[in-house]
1. Condition first: modelled with pLDDT of 90 or more and under 18 Å from A:Gln381 (Cα atoms). Now tell me which residues in segment A:324-347 satisfy that.
2. List every residue pair whose Cβ atoms sit under 6 Å apart, with the two residues 6 or more apart in sequence or on different chains, where the first one lies in segment A:268-281 and is over 14 Å from A:Asp294 (Cβ atoms) and the second, anywhere, is surrounded by fewer than 17 Cβ atoms within 10 Å (Cβ to Cβ) and at pLDDT 90 or above.
3. Applying the selection to segment B:51-75, what residues are open to solvent by 10 Å² or more (accessible area, probe 1.4 Å), more than 24 Å from B:Val204 (Cβ to Cβ) and either part of a loop (DSSP other than H, G, I, E, B) or at pLDDT 85 or above (or both)?
4. Out of segment A:741-767, which residues are in contact with a strand residue (DSSP E or B) (Cβ under 8 Å, 6 or more places away or on another chain), open to solvent by less than 50 Å² (accessible area, probe 1.4 Å) and within 14 Å of chain B (Cβ to nearest Cβ)?
5. Can we say A:Cys208 is at pLDDT 90 or above and touching a Lys or Arg at 6+ places or on another chain (Cβ under 9 Å)?
6. Between B:Asp142, B:Asp180, B:Asp125, which is out of contact with any Gly (no Cβ under 8 Å at 6 or more places or on another chain), open to solvent by 40 Å² or more (accessible area, probe 1.4 Å) and modelled with pLDDT under 85?
7. Please verify whether segment B:85-107 includes one or more residues that are within 16 Å of the chain's Cα centre (by Cα) and within 14 Å of chain A (Cβ to nearest Cβ).
8. Evaluate segment A:284-301: report whether one residue or more is under 27 Å from A:Ile710 (Cβ atoms) and either of a type in the set (Val, Ile, Thr) or part of a helix (DSSP H, G or I) (or both).
Amino acid sequence: MEMEMSVSDSISGSWGFPSSRKHVQVRNAGKSLKGSLPYPTHINDIPCPVLSIIFSLVEIIRSRNAMALACREWYILERSTRTTLSLRGNIANLERLPLCFQSVTCLDISNCSPWGYSLFKAQPSVEITAHRVQQAFPNVKELTVYVRDAVDIHIIACIWPNVEILRLIRWHQRAIEPEEAAEAGMELQSLLQRCTHLSCLDLSKFYCWTEDIPPAMMAGLSVSKNLQILNLLKLSPEGFKSGELAVIATACMSLKELYVLCDFDPRFVDSIGDDTLIQLAKNCKLLQVLHLVDANEYGALRGNPEDGFAAEDANITREGLEILFQALPQLQDLALVLAQNVRDAGVALEALALNCRNLTELKLSHFHGLCHGPRLDGLAQCSGLKKLSIKNCVDLSNTAVETIAHGCPYLTKLGLHSCRELTKVGLESCVAHLSKTLVDVEVACCRLLSTDDILSALKPVRASLKRLHIDCLLGNKVSDRGAAKNAAEEDQFEAKFSKSRMDIDSSSNTMGLKMPVPFCTAGLMDQLGDPTGQTITLKFFQNSDNGFENWQHINKNQTSPRLLVPSTSGSDKSSAHDSINSASQVFHLAREVEHVNDLASLGNVAEETISMNEGNVYEITTVQEEDSRCIRSFNWQVERPIGLSCDVDCSSIPSKKDRVHPNVFQNGIACAQEEDSPGGHKHGFERTLEQSNIIETKCWNCLTSLSLWIPVAGDIELLPFVGLGSCPALQEMNIKVEGDCRQFSKPPARAWGLTSFAKYPAIAKLKLDLSDVVGYALSCPGGNLDLSLWERYYLNGIQNLRLTELDYWPPSDKEMNHRGLSLPGAGLLSECSSLRKLFIHGTTYEHLFFMLLRISNLRDVQLREDYYPAPESEMSTEMRVDSCKRFEMSLAKRDFPD
Amino acid sequence: MDYSVMWFENQQGRSAMSLLDAHNVRIVGAGEELVVLSHGFGTDQSLWKHVVPHLVDNYRLVLFDMMGAGTTNAEDFSFLRYSTLHAYADDLLAILDELEIESCIFVGHSVSGMVGCLASIERPDIFSKIITISASPRYLNDINYFGGFEQDDLNQLFGAMQSNFKAWVSGFAPLAVGDDLDSVAVQEFSRTLFNIRPDIALSVAKTIFQSDLRCILPQVSVPCHILQSSKDLAVPVVVSDYLSSSLGGKNIVEVLPTEGCDRGTCLHKLVGGFILNRNKSEMLLTAQSHSKFC
């Protein structure tokens, strides 16, 4: 009994229902078992039906497992309330299925390793296994299963004829042997004839041909006409043709949700045009969700931000779209993702707004003129929209975005990809309008928006944003980095700062400026005698009454008041500065302000403009944050037009040998200051201008998911420091790296900088997609390096993140259709000691695979060869069935700590 | 593309099964003539995946993994046995015997080319022809012989492999890769070696670089077709000339320019290229091309 109670105590924390009285009792009972409690209420006092309801509310599987271990009654109760089950292990062991999960309705056996086997052929006797499976899960309504061939599908259909929701998964190539599935549609035929209750069919991860689907649909007409949800998104590299889609539309009359990969390219015969759309609309009048995605646009690589219109115009016109919208009044979610232009879409979109009143989600790609309707509003008429994603819109101007923000006040998700006209101003005002609702933002591939622009434009929603996708284009100049390294050797002081050095592109005043960066010792400043002369605006925000005096105090300490001097970097002794282009500026905070009296006249906020010479205008906002008693220490926050903030730390060196940085920097850069600046002492003040995050304003409190796109040799080390400094809730990161590393002779550094993400305390899941990092596998020309080195570059430091789940796509050699884990990759992954789940979307050698066994917490490992074209057999990659089996066995043999 | 994959059934009893299993033997194709495709070290039979589709219609192809490849069970690898290339030749013959092959064309890439030559000395009757791709009887330079590798390069290679080995033994991540080495030739050669388990890699690398098969070349009586990339970083072109002049039987050298692709010596391109681009598969693999032998 004691054991039972302790278990119940340990699980009580994970119960999902709020502040239940029973809950509290359980706690008490557990804690005071050995003490004396006046009411020894026992958890078993709860009547069985109540307990059963409680059990059914527990969603966390591990808690459920723990509950089932408590005692026999609990075990029975738990099993009888368990409705979802996801099985792992090898598919060849199906005959050893547990029989206890009788009430499972939602079964997922797609995670069972399909290595080497088709689902049922692996079994000693198909009939017995099928019978056994049927016995084990008699009530399955929702099924996810990995099937290799027609036989599997047929048996599935026989076992579970009453299944309602079915997801098929296959990443092996479609069988082409005559006896198995030569004729198109043979594979799915029996499924669509037998499973009469089928309402949802998801083939989005089922590798086959588009030709397979229409005949299968026609063959099982009675089933397909009752289908409500059909997902045909990425089953083949090619999209569906017009004729095929028409057949599907005719067969599936009562579809409510349709997701199809289409072929919109007008250059091809039978591509999708107006006629197809009209036919679709006429046949499937009940559609609520319609996603038509062009095959070339699905999962497309990031385009060139400079790209304008697509090469072709789609066969889709305003009239066609209007008819479509008129015919589908129930539409709630529409995605028309094309790779071809649809011009002047505004009119059609007004028709959409007029006809589809329930529309809440909209996704458009290559639609132009979104806001040029007859009433000049276009898209903005869709006032009920909650999620909007616009891709590749050539003429989406700032005003258009603002109009949309006005017109669709309920937007919670906003996606803007490849909008070449959009600038920071537009984004800013749009975000400001939507600041109350917006929780999910994607801004990518907009040529006029730098990462910093986006981050600063998102200021109003910083505290409420939950999901964010941006391009990470920080200082991706390899040479700058290398130069900074050189500087590091020269001057340690500089080295601390070179980490945060970014190039400042001042050629465009409005948005080109990327980062502040300068860290300047007094000694350096002495060498910079020549003020280049720019107009500087200083703003002082004072938080305390004494601030003014502090300010004066500084001035007293100055020998001769000077100003903030933006100086060109060329005169610097550090070679790093030379590498920054001449237009870029390094700010040197040199001298101060003469007319401090103005501060008083303006109250706590004073603005002062001091004209030095002709030149650019910079605005420097100084916020004094520190307690004024700390007379010799100041923090000035310097804000530039780019919206980034820096802290300026001024403290007097002579008085403090071991200076404590007055501000608590979380990012760690600032703390690493040292005293021994060459020649710094004589000047009286050491001035450090530091890029940092102001904790109060830069905290992304709700951000749980961050998605990044990074160019191949891009730098991520700085990301946590430039604008995403504090993300206490960040759990999940998606990182997509893209580019051709063959253009570089070698990686720019030893490590990419994954370590820097370790400062996000809650990060647990990472999806690291290097599949579009293209390089040479196994062999490469002289002067280049193969992918193993690049893999080492990218993965270095991953062991410092406390990840529990990792989805990893190794870099690939597309010409060879080769994507595999290399020796250093496997080595580095094997040091991530906290990993529980690891999915590798590629192949690897057995001995590399075995290195992963060093991860003591590892439970789920899967090797998924889910790249296209799929490998035709296990022999065509490095992994063999036997190797994989040996690995799975040794993984299963291990004891799991919990 | 329409070819069937056929697993060899157990006809010879258990030991036969395990031999073929251990080497992951696979037979594909519908043709009459048998072609054995043998990969080099550090790779596996997937090396041929781009070649197979072009041959399956006209030939029966035997594919297998050599012992020590990353795809075989490391437990089966005997360090003592596989310290010479003769062991690999014995394996090859054993497989061919197991399959009761009486005559075949042997295609060997890199070190496999020499393994094929060794096997043919023992059983010249089985091999109607040997095609070697980037083969070399000796990698180290010697007096009057240019193999492409200096002892210093090799020392560096062994050093890197040893450090990987030590890390591996002590439970750390082996992180050294072929690209860390200075010499381009060693880089190219060792790239795949680093994909083998560190202990096996060290042993295999030593075996390869200690081997000197120059003396056995005159005993090879089977006609040989020597394919060589003009820009091969690991095997200099002169080696193919040396092979040609030393081999005992009829032979022909073909130096393939790797034009149109900037990876100098991509072995895949070479393999695929000689069949794909130049469409020479017929000529190379059928009897008519025998007339070309000198």
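1. A:Leu324, A:Phe325, A:Gln326, A:Leu328, A:Pro329, A:Gln330, A:Leu331, A:Gln332, A:Asp333, A:Leu334, A:Ala335, A:Leu336
2. Here the result reads A:Asp270/A:Gly243, each pair linking segment A:268-281 to a residue that is surrounded by fewer than 17 Cβ atoms within 10 Å (Cβ to Cβ) and at pLDDT 90 or above.
3. B:Asp57, B:Asn58, B:Arg60
4. Matches in segment A:741-767: A:Cys741 only.
5. In short, no.
6. Values: B:Asp142 fails: modelled with pLDDT under 85; B:Asp125 fails: modelled with pLDDT under 85.
None of the others qualify; the one that does is B:Asp180.
7. Within segment B:85-107, none of the residues are within 16 Å of the chain's Cα centre (by Cα) and within 14 Å of chain A (Cβ to nearest Cβ).
8. yes
The values are calculated or read from the model by the stated rules, or taken from the named source; none is laboratory data. For clarity, every value in this text was computed on a predicted model and none was experimentally measured. Note: ideal-geometry Cβ built from the backbone for every residue, glycine included; neighbour counts use all protein chains shown. Heavy atoms of the whole protein, side chains included, go into the accessibility calculation; ligands, DNA and RNA do not. Shrake-Rupley method; radii C 1.70, N 1.55, O 1.52, S 1.80 Å.
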